[in-house]
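Engineer: Here's a structure for you.
The values are calculated or read from the model by the stated rules, or taken from the named source; none is laboratory data. If you're wondering where the values come from, they're calculated on a predicted model, not measured in any experiment. So basically every Cβ, Gly included, is an ideal-geometry build from the backbone, and we count neighbours across all protein chains shown. Areas reflect the complete protein model, heavy atoms only, side chains present, ligands, DNA and RNA absent. Shrake-Rupley method; radii C 1.70, N 1.55, O 1.52, S 1.80 Å.
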Amino acid sequence: MEVFNLYKVLLDYYGFQNWWPVYGNQDKVAEISIGAILTQNTSWNNVEKSIKNLIKENCLSFECIDKIDIEKLKNLIKPSGFYNQKSRTLKDLAKLFLSKKDIGREDLLSIKGIGQETAESILLYALDKPYFVVDNYTKRLFYRLGFTAENISYSDLQKFITGRLPVDLEIYKEFHALIVKHCKEFCQKKPKCENCFLSHKCIFKKVV
Ligand code: SF4
């Protein structure tokens, strides 16, 4: 199977995922960027609770995050965990967005608490820049389907995938979301191969 075919098969099965989910609908760049920090090491349900707290407080903006008392911010984002570190990262992120117009990858990576996956999620989903987001789900699925080695680095995996896709923001956004969806539905750590619609094309299926 080709990489682009995998995208089409996943899209046919699951349909458009329309990431990134937005609830506040006022400042999408701020909401998506804040969500990308909050979602680190926690489930989306917990992120939703924090986002809703921020909306209630009218604080889903870089201006408010910059000004709000840090203890109050910690309290609002408590549901998504690691609130001491995340509140500091959010404040640094707000300062960056308020002080600079064209935010790049290096700007984001210079902030403590922002790694490659978070930076590229912000670049792709908030800033509409063509970065393909790779994570552990991507690594797992591409290894199991026989595309790549188990220990491939994130940057090599990213090159492997982007070298086989058209440079297209919508495809980048959807494909990443579909990979996450498939890994949550079927290709979990302990995969549910017996019901998986990719099993006839999957190398890993034969060894589980
Ligand atoms: S067949 Fe199993 S290992 Fe292969 S993609 Fe499906 S769930 Fe994952």
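Engineer: Heavy atoms only, probe 1.4 Å: what % of the accessible area of the chain goes to carbon and sulfur, would you let me know?
Structural biologist: The C+S portion of the solvent-accessible surface of the chain is 48 percent.
Engineer: I'd like the FRET efficiency for Asp128 and Leu11, computed as 1/(1 + (r/R0)^6) with the beta carbon distance as r and R0 of 22 Å, rounded to 0.05.
Structural biologist: 0.65
Engineer: Quick one: if you stick a label point 7 Å off each Cα along the C-beta vector at Asn136 and Asp69, how many nm between them?
Structural biologist: Using points 7 Å along Cα→Cβ, the separation is 3.7 nm.
Engineer: If you find the alpha carbon centre of the range 81-125 and of the range 1-69, how far apart are they in angstrom?
Structural biologist: The distance from the Cα centre of the range 81-125 to that of the range 1-69 comes to 14 Å.
Engineer: Quick one: which of Lys49/Lys201; Lys74/Lys101; Lys28/Lys74; Lys91/Lys189; Lys28/Lys192 span more than 30 angstrom between C-alpha atoms?
Structural biologist: Lys49/Lys201; Lys91/Lys189; Lys28/Lys192
Engineer: Between Lys112 and Ser155, what is 0.36 nm times their sequence separation minus the Cα-Cα distance? Round to one decimal in nm.
Structural biologist: On the way: separation 43, 0.36 × 43 = 15.48 nm, distance 2.02 nm.
Gain on stretching Lys112 to Ser155: 13.5 nm.
Engineer: Work through the residues other than Lys49 whose Cβ is under 12 Å from its Cβ and net out their charges, Lys, Arg +1 and Asp, Glu -1. Please report the intermediate quantities before stating the final value.
Structural biologist: On the way: positive: Lys52, Lys56, Lys78; negative: Glu48.
Neighbour charge sum, excluding Lys49 itself: +2.
Engineer: Between Asn18 and Thr42, what is the FRET efficiency for a Förster distance of 35 Å, r being their Cβ-Cβ separation, to the nearest 0.05?
Structural biologist: 0.95
Engineer: Taking the solvent-accessible surface of protein heavy atoms with a 1.4 Å probe, what is the per residue accessible area of the chain in Å²?
Structural biologist: 52 Å²
Engineer: In addition: What is the spin-label model distance, in nm, from Phe4 to Lys101 if the labels are put 7 Å beyond Cα along the C-beta direction?
Structural biologist: Rounded to a tenth, the inter-label distance reads 3.6 nm.
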